[in-house]
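Here is the structure we will look at, set down as structure tokens.
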Amino acid sequence: MKSSNEKNFFIFGDSITQGFWDSKGGWPTRLKQYFDDMMAKAPGFPDHGFYYMVFPLGITDDTTQNILERFEFETEKRIVWPTTEEIFIFSIGSNDSATISKEEFERNLREIIKRARRFSDKISFLELQPVNEDLTQPVAWDEKHFLTNEKTLEFNKILLKVMGEEKVSVIKYFDEWMTMDYKKFLADGVHPNDAGHEDLFRRVRDFIKENYL
């Protein structure tokens, strides 16, 4: 039986997960630092009875198809101890909304879940993120790449539908950001700035504390 005190957190995603425009390297890196600090402060460190490792695995321009192509290889190479409990957090879909059909997006989500379940039943997804349409039609780095909140919402609904049917947890924030001055969280209309990554870090941290610790 795997120990509940030894956990590997695998965070797959795109450039947002990679940490673009964040001085601290993105919300997954902030999460890694949080757990590093927690372990270092534990009585009897390093032999303190628990172990948390965070793997930030975001790559620029990734889509759900890219995640499928690298998921198993990246996961298997990082499972070193047989006692660890694997936990997967996916933050993906923004690039899909501008490049693939809704049907393909749904198929890919279901296949990601299927493959993740080979390793663990601890799986969760973040919602897609609102964008600042003043800066995303097109985006600054690609004149053929358009992102809109209408399209983002359509893909977000697919994600919520799939997660509901597959009984997979979702870390929700799209609606809440839309009721806020969320543009203050965005550096270039798409990627969060320091404040945006801090907000996402806190949401994911609190979700993990409530569900996985």
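The values are calculated or read from the model by the stated rules, or taken from the named source; none is laboratory data. For clarity, every value in this text was computed on a predicted model and none was experimentally measured. Virtual Cβ from ideal backbone geometry, glycine too; neighbours counted across all protein chains shown. We work out accessible area using only protein heavy atoms, side chains counted, and drop any ligands, DNA or RNA first. Shrake-Rupley method; radii C 1.70, N 1.55, O 1.52, S 1.80 Å.
Once the Cα atoms of helix 149-166 and of the chain are each reduced to a long axis, what angle between those two axes, in degrees from 0 to 90 to the nearest 10, is obtained? Long axis of 149-166 versus the principal axis of the chain: about 40 degrees. What shape does region 95-213 have by the C-alpha gyration tensor, where a ≥ b ≥ c are the square roots of the eigenvalues, rounded means a/c under 1.5, and otherwise prolate means a/b greater than b/c and oblate the rest? Oblate, because a/c is 1.5 or more while a/b does not exceed b/c. When Cα Rg over 2.2 N^0.38 Å is calculated for this entry, the matching label among [x] 0.96; [y] 1.01; [z] 1.06 is [y].
Note on the chain: with neighbouring protein chains present and a 1.4 Å probe, carbon and sulfur make up 50 percent of its accessible heavy-atom surface.
Extension gain, R117-M38: 0.36 nm per intervening residue step, less the Cα-Cα distance, totals 25.6 nm. Helical content of the chain, expressed as a calculated mean residue ellipticity at 222 nm, amounts to -13500 deg cm²/dmol (DSSP H runs of 4 or more residues, -39,500 (n - 2.57) each, divided by residue number, nearest 500). Per residue, the accessible area of region 152-199 comes to 46 Å², computed with a 1.4 Å probe over protein heavy atoms only. If you take the square roots of the eigenvalues of the alpha-carbon gyration tensor of region 7-78 and sort them as a ≥ b ≥ c, do you get rounded (a/c under 1.5), prolate (a/b over b/c) or oblate? It comes out oblate by the Cα gyration axes. Peptides 52-62, 70-80, 85-95 ranked from most to least packed by the mean count of surrounding Cβ atoms within 10 Å: 85-95, 52-62, 70-80.
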